[in-house]
Structures are given as structure tokens and as C-alpha cells.
1. Can you give the accessible area per residue of the stretch 259-387, in Å², using a 1.4 Å probe?
2. May I ask you to evaluate 6.51 cos²θ - 1.76 cosθ + 1.60, the Karplus curve with θ = phi - 60°, for each residue of the stretch 333-345 and list the ³J(HN,Hα) values in order in whole Hz, giving x for glycine and proline?
3. Probe of 1.4 angstrom, ligands and nucleic acids ignored: what's the accessible area per residue over the stretch 428-478, in square angstrom?
4. Kindly state, to the nearest 0.05, the FRET efficiency for L168 paired with Y347, given R0 = 51 Å and r defined as their beta-carbon distance.
5. For a Förster distance of 35 Å, can you work out the FRET efficiency between the beta-carbons of R325 and T370, rounded to the nearest 0.05?
6. So what's the net charge close to V324: Lys and Arg +1, Asp and Glu -1, counting the other residues with Cβ under 13 Å from its Cβ?
7. Leaving ligands, DNA and RNA out of it, report the carbon-plus-sulfur percent of the accessible area of the stretch 389-428 at a 1.4 Å probe.
8. Just subtract the alpha-carbon distance of T298 and D411 from 0.36 nm times their residue separation and send over the number in nm, one decimal.
Amino acid sequence: MICFLPAHASTLPRIWNFIGYPPIGIRSFIMPCSIDGGECIRPGCKRFASARREGTGVRNVHALLETGGLMRRRIAFVSCVLVAVTGTSSAVQAQVPTAAAENMSTVGFAAAVDTEAMTRQFHRLKAMGAAHPDGAGSTYFDEATGQLVVRYVDNEDGAALRATGNALRAQAGDVPVRYEATTISLHRLEQATRSLNDDRGWAGPQAAMVHQVRLDELADRIVIEAAGAAEALTAAAAKATGFTPRVVVSPTGPADQSRRSDTAPYYGGLAIWAGSTGSPATANAYCTTGFRMTRGGTNSNWVTTAGHCGANGTQFWHPGGNAVRVSSNYESSGTDVAMLAPIGDRYFSRYSWFGGRDATTANPVSGKNTTWPAVGSAVYVSGSNGGLVYGLVTSTSGTCGGEQMVVIDTDTGHPNDGATLGGDSGAPVTRWNTGTSDTTDLVAVGSHACGNSVNASWFVPIHRVEAATDAVVVVGGT
């Protein structure tokens, strides 16, 4: 017998053992545990639930399903997991968590943080900094320490900034604040970024290679997206502004980016195709679904995707036939989001696929952001083609397609660093809901829209998604 007894959310083993799909309502349960008689016990042990579909332990699930040898049910487990390792000829074997599963942990997220309260505090500090343009650097959230960091210039205005900050009254849910000295004010960096964007003359003969210039507020550095000529552009920008930028070479810069076999209720993060595809397991998805939405009462059978994925009436395929259609598209109104309605008797769930391209794990969405996220805060993008990608917010004033969006850096040293890919558009952007006791809960942060296929992605914050669609994210029930 192997007993897994998690002592803390960040060390919770995720034990994925699955045989298919559950009926609605059978999601999770808590069972009594005892260390006597080969059972596990831990006072206050927490539950976790997961649904898994494919893997080394269930090699021939699809064949069994087709022949009627295995019923499609989702099953649920508790965190006091009892795994019996015995010799058997069964196709379903108990498994120990893989390294990949462990990567989908709370690593990279500060523990026990009320995300909403922290984000409100972040914006109060940002507003404070705006009142001291010559003394304020950037403000960001440090996931490693759970602190908000205010950068300040060592001058008279910087001293006034610190005095103002020290006099602020603490509010419920506030996190500690740390002050860091910097030599450059955020105001100067913003001015330099605008000047490089407004007139590309500084780039000389390489001007046509520049896709975009943006400000990374987490690193306090100007970033140039370009097709090449990194050294020449670095030198030219430094000469024009006095600041040495970071040049990211990508084919197109930020561009629109457009799991593989599900049954109703459809989870968020679902792979959808423009038409029937021969093999969902290998074919790249056209786009990805996001969050279940409601307009109140029974008017709740909606899910989001990116607006650029299709015009009103566009139908998308998922194994089993055309599954969803674009009911309302808000791209022309300035928000890259669309609402999908089901075709036939299909319906949606607040759970979201969470993992790689062939994700077999789904977690519930139990909270949402209500404003722009804090710079420095961590998120996950769970796309159909790029899989699970970790990133840190570097700016809330990025643009893609002319729309203001949140920019994240996806090259941070985290185990789930990577690039979002075409077909990930519409994917749910989430973070762990570390303010709850349930270690699998997610917070809705935004809808993925663009990426440079290298190390940066852009998304629409969830409060703007709600405002555009006149609907709200479903954070309770199924």
C-alpha cells in the first residue's frame, strides 16, 4: 500500500488514475481515513478530484469504449489516496504521479493569497506611483515572497512616494509591501517606449523588421518584437533613448492564435476544429474554448473563445460532430472574444482542462479577477496545441490587433515555460485559487488572444470579457 498524505497545497501530489468520464454531479467525495488496517488518515485531509482519459495505465481506453467494454464515467479521488500495487491483468493500473503531473502544482504561485484583495492593493499602489512620476518605478507582485514590490528612485519625489506608502491604511487581505530602489522612473520608460513606437525612424533600414515595441514592467525593460537584426536594433534603440532594450526575434510578433475528445458537459480549454479532422489526437486544433458563462437563471449555456476564431454562425467540430457555434462575436466592438452556443443537446461545465496538449485533468473554476491583474502575478494558459504554459504578467498596457491586453512572459525558468501556439486562441487563462483550502481550484483571469510563438502571450482580462458579453463567469455548481 502507498499512502499519500499532503501536508501543504504546494506539496500536494496529484494522483491521476482514470477510466473515462463521470456523470454530472459525481465529481468528488471525502472518505474517512485511518492509518490502521492499511488505510490512510490525516486530520483535516483535503479532497481533490480529477478526470483522466488517456495514459499508460489505460492504454486501450478508446478501443474499449468503441467495443462497449468500458463505460464512460468520470471518477473522483480524495487526497488521502490509497493505492494498492498488486499484480493484475486489468487494463487499469494504479499509478504514481509523474514529474509532469507534479509540475501542475502550486509551484510558482504565492500561497494563501487573496488574489482579489492583492490585485486591489496593487492598483492602489500603482495610483500612488502615478502621483509621483519622477520618483516612482514600476510596481509588481512577487510570487516568490507573496509581497507587492514598489520600485522607487532615490530622489526627493521617491522619498515622498515612500512616505505616502508608509501612511496608507492597511485593508483586509492586503499583502506585505516591499520597496526597491531603481535608477529609472516608470514615467521615463513609458515615454521612451512611446517614442520608439510612434516613429520607427530610429530603426533606420531595419524599421520594416520591427513588429512592436512594448514595456516589460516586471523587468523594467523595453522589449522590441522584430523579425531579425537584433544587434542592430538594440544599438539603434539604445542610441535613441539611452535605454538598452531586449529584442525578441519572432516571425510575426504578436499574432492571432487559433483536448481532443470530450462529451457533454464540455469543459473549458476544449480543442475545436473548423471541420471534421481525421485524427483529433494528432491534428492541430483551430481554436480553444474558455470559460462557461451565464446571463442569469437558465440562460447559462455559453462558453467563450477568441473573437477572431469565427464570425457569427460559424460552427466548430469536436469528435462526435459539429458541437458549438458562434452565437455572438464582439471583436468588431473592440474586444477579441466570442460566445459559443451548443449545437443540439450539448452543454458546458465550469471545469477547465488543465494540462498539456492531451490534457486528461480538469479543475474547477471557483473565482475570478474583477480588474486588470497585478504586474508580476503568475498565470497559466491551457491551450489545445501549446498545452499548459506558465507566465508572469509584465504589462497591462500591451496591444494586439489594436486592443489593450495583458502581456505575459512565458520564459521565466518555471517547469511549464513554453510558447503558446496557433490554435490556442480563446484558451482559459487562470491562476491557482490559493485563497481557498481546495488545492485544485482555479481563478479565471482572462481569455488568451495572441502570442509570438516564442516567449510572450497576450490575453483579454476576464473583467473585459464579462463587460463585452454582458455575462459573468460561472464559478459554482457544475
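The values are calculated or read from the model by the stated rules, or taken from the named source; none is laboratory data. None of these values were measured; they are calculated from a predicted model. Virtual Cβ from ideal backbone geometry, glycine too; neighbours counted across all protein chains shown. Surface areas here come from the heavy atoms of the whole protein model, side chains and all, with no ligands, DNA or RNA. Shrake-Rupley method; radii C 1.70, N 1.55, O 1.52, S 1.80 Å.
1. About 30 Å² of surface per residue is accessible.
2. Computed from phi, the couplings for the stretch 333-345 are 8, x, 10, 7, 8, 9, 9, 9, 10, x, 9, x, 9 Hz.
3. For the stretch 428-478, the per-residue accessible area is 23 Å².
4. 0.65
5. The calculated FRET efficiency here is 0.75.
6. +1
7. The C+S portion of the solvent-accessible surface of the stretch 389-428 is 46 percent.
8. So the extension gain works out to 36.5 nm.
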